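**Student:** This is the structure, below, for whatever I ask next.
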Amino acid sequence: MSSRTLDLVSPGAQLRPRPMIRRLRPTETIMRAVLLACGVVSIATTIGIVLVLGLESLAFFREVPLTDFLFSTTWQPRLGQFGIWPLLSATLMTTTFALLVSVPLGLAAAIYLSEYAHPRTRATLKPVLELLAGIPTVVYGFFALTFMTPLLQAIFGPQVQVYNTFSAGLVMGIMILPTIASMSEDALNAVPRALREASYGLGATRFETIAKVVVPAAFSGLVAAFLIGMARAVGETMIVALAAGAGPNMTLNPFEPAQTITGYIASISGGDISYDSLDYQSIFALGLFLFLFTLVLNLVSQWISRRFREVYQ
Amino acid sequence: MSITREAGPAWAIELNKLTVYYNDKLAVRDVDLKIERQKITAFIGPSGCGKSTVLRSINRMNDLIPGARVTGRVMYSGKNLYDTDIDAVEVRRHIGMVFQKPNPFPKSIFDNVAYGPRLLGIRDGKTLKQIVEQSLRASFLWDEVKDDLKKSGLALSGGQQQRLCIARAIAVQPDVILMDEPCSALDPIATQAIEELMLELVRQYTIIIVTHNMQQAQRVADYTAFFNIRKEQETAGNERRWGLLAEHGATEQIFNAPKLEETERYISGEFG
Amino acid sequence: MSAAPETAGGVIHDEAAYKRGLRLRTWRGTAWQNFFLLAIVAGIAALIALGFTVVNDAFGYVIATYETPAAELAPNGDLNGLSNAELAQILTEHTPSRLAVYIRDYLYSGDPAEFAKLPMSQALPGATLLPGAENRTVRELNDEQQAAILGDNLSQPVLVTIVEDNVVGESIYQTFSLTESLVNRAGIEAELASAPEGATLSFRSWVSLDFLLSPPSANPATTGARVALLGSLWVTALTILIAFPIGVGAAIYLEEYAAPTRFNRFIEINIRNLAGVPSIVYGILGLAVFVRALATFTGGRSILSAALTMSLLILPVVIINAQEAIRAVPLSLREASYGVGATKWQTIWRVVLRSATPGILTGVILAISRAIGETAPLLLVGASTFIVSDPSGLLSKFTVLPIQIYNYTARPQQPWRDAAAAAILVLLLVLLLFNATAIIMRQRARRRLSA
Ligand SMILES: Nc1ncnc2c1ncn2[C@@H]1O[C@H](COP(=O)(O)OP(=O)(O)O)[C@@H](O)[C@H]1O
Ligand SMILES: [Mg+2]
């Protein structure tokens, strides 16, 4: 299109009209193809994940019935028992503790930053909080083991074991806090000023405006943040691998050690595993479970925040 | 200390040398103005002359803008609303506000209107229902929505939304209602409905309305305040502009016999 | 206000009740505001506690015992100042019977059981050997010949480590945290008194130049971060080389070329979801695809496999961030370029990318920072083994700092925790340097743009 128009304004064209030829531009075509290939890498990754997890899981489920995997409560690879519940319960426990820390604190921090803090205060506080998000998770694992666990032992006494899900969960909560805070802040900022002004105009205090107008209006955005935080907690590996304990343990006692799904995968891959053992294949079944679990959380979160955005546009 | 409404003074609100800055920028300067009780006062003037700024200063809405600074006095019921011991929250309970763009909460119609009374601690369902009905009736909306009070306020048409916002404002029984171009986002029919509503409301409330529409001012306002912009060459190419109250009087006088030439030029549409 | 609606008027205009209510409401507001602020304070406190915990373990007094104090081996006890030949000489004098073991552990990479049976030229292909040693097995060499093999083929830092581990034999008897060291000197002295004879007390900074330059060892007193640090640098550099062009390319495609077709929308959604996949799942993918299926190309558990896995992991983030940066380039710039007759690709290359560079860099910094600290996927692609030799190429075995931190933290003895704390400081320093460099680059790019 553009090339034709340009031909008409070039000096030659003004003198004697030339037949307009659509010039082929090899660079253009090649670059387009190369860039498309880059985009396709992401699809290939997804297909790779699904294929790898799916095929190996299939081999695994030929040996271990899916019903055993989903409904039995013993995970003892040596005895050929692969019931996911001990691992899943530990995952759910650490996730719950993490959310108990990160959701209230993250939301509160977001409210402070978006509703109270002076822009200048916000500009200094926010990067400091974001530092927490930049710290490698293995460092959090160290922190859980050498700071949080002794602290819990000092508070709750010797019933707190060296490895326990509580410590791992709390530290995971600190790790997720900035994610939840920053997503929540975005949701709060998306609430139009006009709604706040309407509330103030009716004689509401700042807190009433936040509690009764801003937070309810941002609610779905906040839920989306919550779900993303949950997905992060479910998939987090290093903190639980270091601090939650090695060895599956069907327990609800937060002070006892228990291995999470990710913790198990990490522990198995640490040693030299033989590639055709059931142990090895179980990693893929667990990986598939994690993948699907977090995928659902992410999809729901995206769906909710898309609807939330539609409301205010 | 706090505000006790007084029936006494003839003036609902008195502005004394009201001056507003945004950060270091002077927005309006030295506004002296008396607003009469249970009358409609219109603020007119070119864009950027500070009408909204003055209006928002009256119920301390400007407190919410970082960098906004107010000097001078706003007298209401014998108190200067900018005294340090006056709570802005209380001010806004007495002096309500309706905004340019209808801004109902994303809640039901009922909850929108009940929002203010609930803040005041009214929990009793029957009382709330009563207040909601009265307010919706007073804003001429009752007949249109009485059957689905549970519907979201956002589902109403623009004109209905603005009347809902008025109902919401009067549900806390304010003394003064500030309206910042309440009709500029509405079609002529909805505008007419709001104008009729104002004429009804003024029997109970003192109303101040900012408007760009000269006919509207003439139709509804008892008094009109004309604001204008002053300019001053600071250095070459660097102009300082601020707003001020140019002329104030009965609407009839402002539109038929303005004292100032600039008022004359403005109302005849020469600039705006 | 006689004109107010009558029924509710009484309720609302009970001024005294309103005043009381307002006081309560104001008080409640303040209480909540303090709670909100507290959340931020808690976050910052956690950050401080974290920093404190690391520093607390990385410095402090240690009580150590020695088999042969370094001062007896080198002037001022400075082993680093010795040459390879001198170090080999020390090994020959003090541990003549272990020379063959050192050769096996540090130079030989085949099956340990076979080692003693192979002639040197086969056991150590490519190694520098004294004439006459080629065809002999290790047992047939005398001490001097064995020592020469060590001195000629190992780097000086590795030799120092061998001397430290086997001759000096420093063994940490007890370690103290920084706080303890500062406030409880008397208690520490008392501990020293009950320590074995010859034990010395010294203030130790676990992170030190020596720690940076030494290969790992089985003794926490002499271990170092050298190999892991180099491994991290290799993996990170390679990850940038792979992920940066592909990520930016995909972003350009999505922003500049992709029509809103179903397929392109699918790519978008897909990328967003990939960004949320747990990193350990990428590790499983890398294990199955790069380490096993493509082993012939990647060398199995190699730097290349690790970098490929990391690239897939950070690609979604790189793409999303680059897309945002490209989207922020104003349309008017593009139009100006088309207006002077540029083709699409010329416009992208000369105009769009140029002005999006600072933004793209910012996004890529974030993504790469994540890769530097990432541990879980590398556990799976096999970085966990104990390696003493520096990585030498794309296909060499490797370990990285986060893995070393993980290994050391997982050990229950305090000296290893202290070494882990030192490795954490190194890792954080690397992250800091990386971010600082990248920010400076971004600033340059910005200045170039505005100039
Ligand atoms: N929030 C604000 N921050 C900075 N300046 C403002 C703000 N609101 C208004 N102003 C400035 O104050 C002046 C008066 O604005 P405004 O009161 O909105 O005028 P009007 O309502 O008469 O159009 C204008 O110059 C405007 O730019
Ligand atoms: Mg205005």
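**Student:** Scan the stretch C:289-303 for residues that are surrounded by 24 or more Cβ atoms within 10 Å (Cβ to Cβ) and at pLDDT 90 or above and report the count.
**Tutor:** Number satisfying all stated conditions: 2.
**Student:** Also, quick follow-up: Quick check: is even one residue across the stretch A:59-68 within 14 Å of chain C (Cβ to nearest Cβ) and surrounded by 19 or more Cβ atoms within 10 Å (Cβ to Cβ)?
**Tutor:** Yes, some residue in the stretch A:59-68 is within 14 Å of chain C (Cβ to nearest Cβ) and surrounded by 19 or more Cβ atoms within 10 Å (Cβ to Cβ).
**Student:** Sort out which residues of the stretch B:106-115 are surrounded by fewer than 21 Cβ atoms within 10 Å (Cβ to Cβ) and within 8 Å of chain A (Cβ to nearest Cβ), and write them in order of number. Steps first, please.
**Tutor:** Narrowing the stretch B:106-115 to residues surrounded by fewer than 21 Cβ atoms within 10 Å (Cβ to Cβ): B:106-108, B:110.
Listed by number, the residues that qualify are B:PRO106, B:LYS107.
**Student:** Could you tell me which numbered condition A:TRP75 fails, if it satisfies all but one of (1) more than 26 Å from C:ASN273 (Cα to Cα); (2) surrounded by fewer than 18 Cβ atoms within 10 Å (Cβ to Cβ)?
**Tutor:** Of (1) more than 26 Å from C:ASN273 (Cα to Cα); (2) surrounded by fewer than 18 Cβ atoms within 10 Å (Cβ to Cβ), only one is false for A:TRP75: (2).
**Student:** Only one of A:ILE43, A:ILE84 is in contact (Cβ under 8 Å) with a residue 60 or more places away in the chain and either surrounded by 13 or more Cβ atoms within 10 Å (Cβ to Cβ) or among the polar types (S, T, N, Q) (or both). Can you tell me which? Break it down stepwise before answering.
**Tutor:** On the way: A:ILE43 fails: in contact (Cβ under 8 Å) with a residue 60 or more places away in the chain.
Every option except A:ILE84 fails the conditions.
**Student:** Moving on. Can you tell me which of C:PHE52, C:PHE59 is in contact with a strand residue (DSSP E or B) (Cβ under 8 Å, 6 or more places away or on another chain) and within 26 Å of C:SER202 (Cα to Cα)? So that I can check it myself, show each step before the final result.
**Tutor:** Values: C:PHE52 fails: in contact with a strand residue (DSSP E or B) (Cβ under 8 Å, 6 or more places away or on another chain).
That would be C:PHE59, the only listed residue that is in contact with a strand residue (DSSP E or B) (Cβ under 8 Å, 6 or more places away or on another chain) and within 26 Å of C:SER202 (Cα to Cα).
**Student:** Return the pairs, sorted by first residue and then second, in which the second residue is in a loop (DSSP other than H, G, I, E, B), the first residue lies in the stretch B:79-94 and is surrounded by fewer than 18 Cβ atoms within 10 Å (Cβ to Cβ), the beta carbons are less than 8 Å apart, and the residues are 6+ apart or on different chains.
**Tutor:** B:ASN80/B:ILE86; B:ASP83/B:MET1; B:ASP85/B:MET1
**Student:** From the list C:GLY363, C:GLY341, C:GLY359, C:GLY373, pick out the single residue that is on the phi > 0 side of the Ramachandran plot and either at the interface with another protein chain (Cβ under 9 Å from one of its Cβ atoms) or surrounded by fewer than 24 Cβ atoms within 10 Å (Cβ to Cβ) (or both).
**Tutor:** Values: C:GLY363 fails: on the phi > 0 side of the Ramachandran plot; C:GLY359 fails: on the phi > 0 side of the Ramachandran plot; C:GLY373 fails: on the phi > 0 side of the Ramachandran plot.
On inspection, the qualifying residue turns out to be C:GLY341.
**Student:** Quick check on B:GLN204: is it within 25 Å of B:SER57 (Cα to Cα), polar (S, T, N, Q) and surrounded by 24 or more Cβ atoms within 10 Å (Cβ to Cβ)? It would help to see each step written out before you state the result.
**Tutor:** Values: within 25 Å of B:SER57 (Cα to Cα): yes; polar (S, T, N, Q): yes; surrounded by 24 or more Cβ atoms within 10 Å (Cβ to Cβ): no.
So B:GLN204 fails the test.
**Student:** Only one of C:VAL248, C:VAL289, C:VAL235, C:VAL277 is farther than 27 Å from A:VAL296 by Cα and more than 20 Å from the chain's Cα centre (by Cα); which?
**Tutor:** Numbers: C:VAL289 fails: farther than 27 Å from A:VAL296 by Cα; C:VAL235 fails: more than 20 Å from the chain's Cα centre (by Cα); C:VAL277 fails: farther than 27 Å from A:VAL296 by Cα.
C:VAL248 is the lone residue from the list that is farther than 27 Å from A:VAL296 by Cα and more than 20 Å from the chain's Cα centre (by Cα).
**Student:** Quick test for you: out of B:ARG118, B:ARG137, pick the one residue that is more than 16 Å from ligand 2 (Cβ to nearest atom), among the basic types (Lys, Arg), in a helix (DSSP H, G or I) and within 11 Å of B:ALA167 (Cα to Cα).
**Tutor:** Numbers: B:ARG118 fails: within 11 Å of B:ALA167 (Cα to Cα).
Testing whether each residue is more than 16 Å from ligand 2 (Cβ to nearest atom), among the basic types (Lys, Arg), in a helix (DSSP H, G or I) and within 11 Å of B:ALA167 (Cα to Cα) leaves just B:ARG137.
**Student:** Right, here's the next one. Have a look at B:ARG73, B:ARG37, B:ARG69 and point out the one that is within 16 Å of ligand 1 (Cβ to nearest atom) and either within 14 Å of another protein chain (Cβ to nearest Cβ) or among the charged types (D, E, K, R) (or both). Outline the logic, then answer.
**Tutor:** Working: B:ARG73 fails: within 16 Å of ligand 1 (Cβ to nearest atom); B:ARG37 fails: within 16 Å of ligand 1 (Cβ to nearest atom).
None of the others qualify; the one that does is B:ARG69.
**Student:** Separate question: Which ranges mark the helices (runs of 4 or more DSSP H) fully within the stretch C:279-369 that have 3 or more residues being touching a Gly at 6+ places or on another chain (Cβ under 8 Å) and not aliphatic (A, V, I, L, M)? Step through it out loud before you land on a result.
**Tutor:** Working: elements: C:279-286, C:295-298, C:303-327, C:331-339, C:344-347.
Counting at least 3 such residues, we get C:303-327.
**Student:** Out of all the residues in the stretch C:225-233, is one or more surrounded by 17 or more Cβ atoms within 10 Å (Cβ to Cβ) and over 20 Å from C:LEU428 (Cα atoms)? Lay out the reasoning, then the answer.
**Tutor:** Here is the first cut: in the stretch C:225-233, the residues surrounded by 17 or more Cβ atoms within 10 Å (Cβ to Cβ) are C:225-232.
Now narrow it down to the ones that are over 20 Å from C:LEU428 (Cα atoms): none.
No: the stretch C:225-233 contains no residue that is surrounded by 17 or more Cβ atoms within 10 Å (Cβ to Cβ) and over 20 Å from C:LEU428 (Cα atoms).
**Student:** Tell me, please, whether a residue that is within 23 Å of the chain's Cα centre (by Cα), of a type in the set (Asp, Glu) and either facing chain C (nearest Cβ under 10 Å) or closer than 30 Å to A:PRO65 by Cα (or both) can be found in the stretch A:234-254.
**Tutor:** Yes: one or more hits.
**Student:** Another question, if that's okay. Report yes if C:ASP111 is farther than 21 Å from C:SER155 by Cα and either loosely packed, with under 15 Cβ neighbours inside 10 Å or in the same structural domain as C:ILE387 (by TED's automatic domain parsing) (or both), otherwise no. Explain how you work it out, then say what you get.
**Tutor:** Numbers: farther than 21 Å from C:SER155 by Cα: yes; either loosely packed, with under 15 Cβ neighbours inside 10 Å or in the same structural domain as C:ILE387 (by TED's automatic domain parsing) (or both): yes.
When the stated conditions are applied, C:ASP111 passes them.
**Student:** Could I ask something else about it? Taking helices (runs of 4 or more DSSP H) that fall entirely within the stretch A:168-241, which contain at least 2 residues that are under 20 Å from B:TYR115 (Cβ atoms)? So that I can check it myself, show each step before the final result.
**Tutor:** Numbers: elements: A:193-201, A:206-209, A:219-235.
Output list reads A:193-201, A:206-209.
**Student:** Does at least one position in the stretch C:408-415 carry a residue that is surrounded by fewer than 19 Cβ atoms within 10 Å (Cβ to Cβ), touching a Ser or Thr at 6+ places or on another chain (Cβ under 7 Å) and modelled with pLDDT under 90?
**Tutor:** No, the stretch C:408-415 has no match at all.
**Student:** Here are C:SER337, C:SER332, C:SER355: which of them is more than 23 Å from A:THR29 (Cβ to Cβ) and more than 40 Å from the chain's Cα centre (by Cα)? Can you show your working first?
**Tutor:** Numbers: C:SER337 fails: more than 23 Å from A:THR29 (Cβ to Cβ); C:SER355 fails: more than 40 Å from the chain's Cα centre (by Cα).
It is C:SER332.
**Student:** C:SER97: at pLDDT 90 or above and of a type outside the set (Phe, Trp, Tyr), yes or no?
**Tutor:** Numbers: at pLDDT 90 or above: no; of a type outside the set (Phe, Trp, Tyr): yes.
Taking the combined requirement at face value, the residue does not satisfy it.
**Student:** Okay, next question. Criterion first (more than 13 Å from every other protein chain (Cβ to nearest Cβ) and either more than 16 Å from ligand 2 (Cβ to nearest atom) or more than 14 Å from the chain's Cα centre (by Cα) (or both)) does B:ASP32 satisfy it? First the steps, then the outcome.
**Tutor:** Numbers: more than 13 Å from every other protein chain (Cβ to nearest Cβ): yes; either more than 16 Å from ligand 2 (Cβ to nearest atom) or more than 14 Å from the chain's Cα centre (by Cα) (or both): yes.
Yes: the conditions hold for B:ASP32.
**Student:** Here's a follow-up. Determine, yes or no, whether C:LEU238 is touching an Asp or Glu at 6+ places or on another chain (Cβ under 6 Å) and assigned to a helix (DSSP H, G or I).
**Tutor:** Details: touching an Asp or Glu at 6+ places or on another chain (Cβ under 6 Å): no; assigned to a helix (DSSP H, G or I): yes.
Judged against the criteria, C:LEU238 is not a match.
**Student:** Something else now. Within the stretch B:214-241, take every residue that is closer than 22 Å to B:SER57 by Cα and more than 13 Å from ligand 1 (Cβ to nearest atom) and give me the one that is surrounded by the fewest Cβ atoms within 10 Å (Cβ to Cβ).
**Tutor:** Narrowing the stretch B:214-241 to residues closer than 22 Å to B:SER57 by Cα: B:217, B:221-230, B:240-241.
Going one step further and asking which of them are more than 13 Å from ligand 1 (Cβ to nearest atom), we end up with B:217, B:221-224.
On the way: B:ALA217: 25, B:ALA221: 26, B:ASP222: 15, B:TYR223: 22, B:THR224: 26.
Across the stretch B:214-241, the extreme among qualifying residues is B:ASP222.
**Student:** Out of the helices (runs of 4 or more DSSP H) lying entirely within the stretch C:71-177, which hold 2 or more residues that are acidic (Asp, Glu)?
**Tutor:** On the way: elements: C:84-94, C:99-107, C:120-123, C:143-153, C:156-163.
Where helices (runs of 4 or more DSSP H) fall fully within the stretch C:71-177 and carry at least 2 residues being acidic (Asp, Glu), they are C:84-94, C:143-153.
**Student:** From the residues in the stretch B:35-49 that are touching an Asp or Glu at 6+ places or on another chain (Cβ under 8 Å) and closer than 25 Å to B:ARG265 by Cβ, which one is farthest from ligand 2 (Cβ to nearest atom)? Steps first, please.
**Tutor:** Initial filter on the stretch B:35-49 (touching an Asp or Glu at 6+ places or on another chain (Cβ under 8 Å)): B:35-36, B:39-41.
From the residues that got through so far, the ones that are closer than 25 Å to B:ARG265 by Cβ too are B:40-41.
Details: B:ILE40: 18, B:THR41: 16 Å.
Top of the filtered list is B:ILE40.
**Student:** May I pose another question? Quick check: is even one residue across the stretch B:136-158 on the phi < 0 side of the Ramachandran plot, more than 8 Å from every other protein chain (Cβ to nearest Cβ), hydroxyl-bearing (Ser, Thr, Tyr) and buried (at least 24 other Cβ atoms within 10 Å of the Cβ)?
**Tutor:** Checked against the condition, which is being on the phi < 0 side of the Ramachandran plot, more than 8 Å from every other protein chain (Cβ to nearest Cβ), hydroxyl-bearing (Ser, Thr, Tyr) and buried (at least 24 other Cβ atoms within 10 Å of the Cβ), the stretch B:136-158 yields at least one hit.
**Student:** Tell me which residues, restricted to the stretch C:265-322, are within 10 Å of another protein chain (Cβ to nearest Cβ) and of a type in the set (Val, Ile, Thr).
**Tutor:** Hits for the stretch C:265-322 are C:ILE267, C:ILE269, C:ILE271, C:VAL277, C:ILE280, C:VAL281, C:ILE284, C:VAL289, C:VAL291, C:ILE319.
**Student:** Here is a further query. From B:LYS79, B:LYS51, grab the single residue that is within 14 Å of ligand 1 (Cβ to nearest atom) and away from chain A (no Cβ under 14 Å). I'd like the intermediate steps shown before the answer.
**Tutor:** On the way: B:LYS79 fails: within 14 Å of ligand 1 (Cβ to nearest atom).
On inspection, the qualifying residue turns out to be B:LYS51.
**Student:** OK, next. Scan the stretch B:91-105 for residues that are at the interface with chain A (Cβ under 7 Å from one of its Cβ atoms) and either within 16 Å of ligand 1 (Cβ to nearest atom) or acidic (Asp, Glu) (or both) and jot them down. It would help to see each step written out before you state the result.
**Tutor:** Let us first name the residues in the stretch B:91-105 that are at the interface with chain A (Cβ under 7 Å from one of its Cβ atoms), namely B:92-93, B:96-97, B:99, B:101, B:103, B:105.
Those that are at the interface with chain A (Cβ under 7 Å from one of its Cβ atoms) and either within 16 Å of ligand 1 (Cβ to nearest atom) or acidic (Asp, Glu) (or both): B:MET97, B:PHE99, B:LYS101.
**Student:** Go through (1) within 14 Å of chain A (Cβ to nearest Cβ); (2) surrounded by fewer than 23 Cβ atoms within 10 Å (Cβ to Cβ); (3) closer than 24 Å to C:THR26 by Cβ for B:ASP124 and report which single condition fails.
**Tutor:** (1)
The values are calculated or read from the model by the stated rules, or taken from the named source; none is laboratory data. Please read these numbers as outputs of a predicted model, since none were measured by experiment. All Cβ positions, even for glycine, are placed from backbone atoms using ideal geometry, and neighbour counts span all protein chains on display.
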